[in-house]
Amino acid sequence: MGATIIDGKAFAAGVRARVAQGVAELVARGIRPGLAVVLVGEDPASQVYVRNKGVQTREAGMESLEYRLPASTTQAELLALIARLNADPAVHGILVQLPLPAPLSADEVINAIDPAKDVDGFHVLNAGRLATGQKAMVPCTPLGCLMLLRAQLGRLAGLNAVVVGRSNIVGKPMAQLLLADSCTVTVAHSRTRDLPAVCRGADVLVAAVGRPEMIAGDWIRPGATVIDVGINRIERDGRTRLVGDVDFAAAVQVAGAITPVPGGVGPMTIACLLANTLTAACRAHGLAEPEGLTV
Ligand code: NDP
């Protein structure tokens, strides 16, 4: 018996289509949502992400503003740009591509973004709002995972959820979202004792670790729903491949449903960035938020 493969690529296309519809409705009212993406330095992976974000932003009918700054940019120069974007009414969302080159302080830059325009949801105020059940901008990757889980399982209330990983961008906000949906949540990390046993208690298992295929098939409770956030590049059979944090070939035999890598969580992240930008634009203009695109 094999698991249902959760098609994140198809789901993300649906989210993008709903975003495009919402954008068209705003444009008809004379409002074009705008997303500013700031890239500092030459990190090759970041350059690819920023290019993809620009393409998909424009495809959704939004304005894409890209700011490519040299690695020598100072903290003060970056903060001055953020201040300008905060004040610009044509900019509804601001994203600073991480990681920033040393010695720039990501925390200071993120916390300088107007929380209403913080479409990555990393500002401390948005993290606090999410943790206290107030309306927040929700980090894109965990928001995408939650959408996939709700679509797969319906109501999540009462399920045992285990999140492996406690980063501020994935693990912690994921745990908050699952808690808000009334799961019983365990957050595991590198110091967790007997991680396989902890994972075996999960009806919903979210892996956000960054270690290729670490989660073995026999760590998964039969029938569990597995969301694999990991994106790891490995060499196998002389080729570079992308694999997740879960041993997919083994897990697919045990799980009830599982996201593949690639084609699972990855495409949901940019789709949710676009959704957050649309949400931010609606909020900025006091308009009703699009349904099903935020929590
Ligand atoms: P971080 O490196 O910030 O966090 C990794 C977490 O995993 C930490 O909490 C760490 O624990 C924990 N961890 C590390 N080793 C182990 C171990 N052996 N056992 C248990 N826990 C462990 O990573 P991110 O959260 O940023 O990203 C996680 C993965 O998700 C990466 O592969 C990344 O590429 C991917 N990712 C994918 C995205 C997408 O769009 N699909 C978006 C963002 C990330 P501790 O805190 O104790 O060190």
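The values are calculated or read from the model by the stated rules, or taken from the named source; none is laboratory data. Computed from a prediction, not measured in an experiment: that's the story for all the values here. Reconstructed Cβ throughout: ideal geometry from the backbone, glycine too, with neighbour counts over all protein chains shown. Each accessible area value is taken on the protein alone, full model and side chains, heavy atoms only, with ligands, DNA and RNA left out. Shrake-Rupley method; radii C 1.70, N 1.55, O 1.52, S 1.80 Å.
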* What percent does the relative contact order of the stretch 200-295 come to when contacts are Cα pairs within less than 8 Å and at least six residues apart? -> 25 percent
* Cysteines, the chain, no other Cys beta-carbon under 4.7 Å -> CYS145, CYS183, CYS199, CYS282
* Structure fact -> Between the modelled labels at GLU63 and GLN75 (7 Å from Cα along Cα→Cβ) the distance in nm is 3.1 nm
* **Carbon/sulfur fraction of accessible area - the chain, other protein chains in place, 1.4 Å, %** => 53 percent
* Calculate the dipole size of the chain relative to its Cα centre from +1 charges on Lys and Arg beta carbons and -1 charges on Asp and Glu beta carbons; express the result in debye to the nearest 20. => 300 debye
* To do: With springs connecting C-alpha atoms under 10 Å apart, model the chain as a Gaussian network and identify which of ALA28, ALA127, ALA151 has the largest mean-square fluctuation.
  => ALA28
* Asked: Quick one: accessible area per residue over the chain, 1.4 Å probe, rounded to a whole number of Å²?
  -> 45 Å²
